[in-house]
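Take a look at the structure set out below.
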Amino acid sequence: MLANTPSRQVKSVRTSIELINRLQALGGATPAQLTEELDLSKSSVHNHLATLEMEGYVVNDDGIYRLGLRFLTHGAAAKSMAGIEGPIGRTLDAVADELSQPTWWVTEEAGRGYFIESAVSEDRSNVYGSVGKRSYLHTHALGKAILAMASDEYVQQVVDHHGLPEQTRQTTTDIETLRAELETIRDRGYAVSEGEAVLGVLSVGAGFHDAGGRRHAIGVFGHARNFAGNRAANIGERLADIVRDLERDLQDGGA
């Protein structure tokens, strides 16, 4: 479900969230940098940083502020609330070993994709994604596989709310083109996307529901040169079989 924009917002909360987002994007920053980045007064930045530091959400390393580890508590709690990480984690490991490609579990929340967990075979390394990454669903195969499970009305709501931002010159930015792609994905059971999130990176994904009806996808990301011939289609067909079994297990309680 997409969040409604409230008619009244707490400005100080929004400021703290913006500050946290900038700290994450910058990998750490001084108060002076944040003052310039956010166009705030020095006193406002210092007050927000002091409050966040007191609660453990930021840490001051000799004048450089970074995110605190307390965020891990919230992230781990949010992940565990789904109650499905065990079965999906085992599936990720099996897929990564079988396909010899970095494998990700992505879930949808409020019309955006979140990278929850990955598995990488010993002879590979991740080429895209990081745990906690938030993405636009239309920019990679796993996101498109998730959208393909939703109704046309919900897809339109997502597009109206988030738009179809261009990540690369290959990104689908037209709603009618996206609708046609989603119809193809529904017919064949998997999605393929090349160069839409990052040029040179190809992804293949298949979607599934958990017992509560939430939409997820499992898929692989790799360099496009590694998917010659029918390899992407073969991987897609295999992923479609795997998520059907996984969905059945989740419906039965994750045994």
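The values are calculated or read from the model by the stated rules, or taken from the named source; none is laboratory data. Computed from a predicted structure; not experimentally measured. Here Cβ is always computed from backbone atoms with ideal geometry, including for glycine, and neighbour counts include all displayed protein chains. Quick note on the areas: whole protein, heavy atoms, side chains included, nothing else; ligands and nucleic acids left out. Shrake-Rupley method; radii C 1.70, N 1.55, O 1.52, S 1.80 Å.
Structure notes:
- Low-density loop positions, trypsin sites (Lys or Arg not before Pro), the range 54-119 - DSSP coil, at most 13 other Cβ in 10 Å: none
- For the range 218-225, the Karplus equation 6.51 cos²θ - 1.76 cosθ + 1.60, evaluated at θ = phi - 60°, returns couplings of 10, x, 10, 10, x, 5, 4, 5 Hz by residue, with Gly and Pro reported as x.
- A straight chain from PHE71 to ASP160 at 0.36 nm per residue would run longer than the Cα-Cα distance by 29.0 nm.
- Near the amide H of ALA150, within less than 5 Å, lie no amide hydrogens of residues on another chain or at least 5 residues away, with H placed in the peptide plane.
- All-pairs Cα distance distribution in the chain, expressed in whole percent, bin size 5 Å: 1, 6, 12, 15, 16, 15, 13, 10, 7, 4, 1, 0
- Accessible area of the chain divided out per residue, in Å², using a probe of 1.4 angstrom: 53
- Cβ charges +1 (Lys, Arg) and -1 (Asp, Glu), total dipole of the chain, debye: 400
- Mean Cα-pair separation over length for the chain, i.e. relative contact order, pairs under 8 Å, 6 or more apart, %: 16
- Rounded to the nearest 500, the 222 nm mean residue ellipticity of the chain from helices alone is -14500 deg cm²/dmol, with -39,500 (n - 2.57) taken per DSSP H run of at least 4 residues.
- R0 of 22 Å, Cβ-Cβ distance GLU98-ARG186: FRET efficiency to nearest 0.05: 0.35
- Protein accessible area in the chain, 1.4 Å probe - carbon and sulfur %: 47
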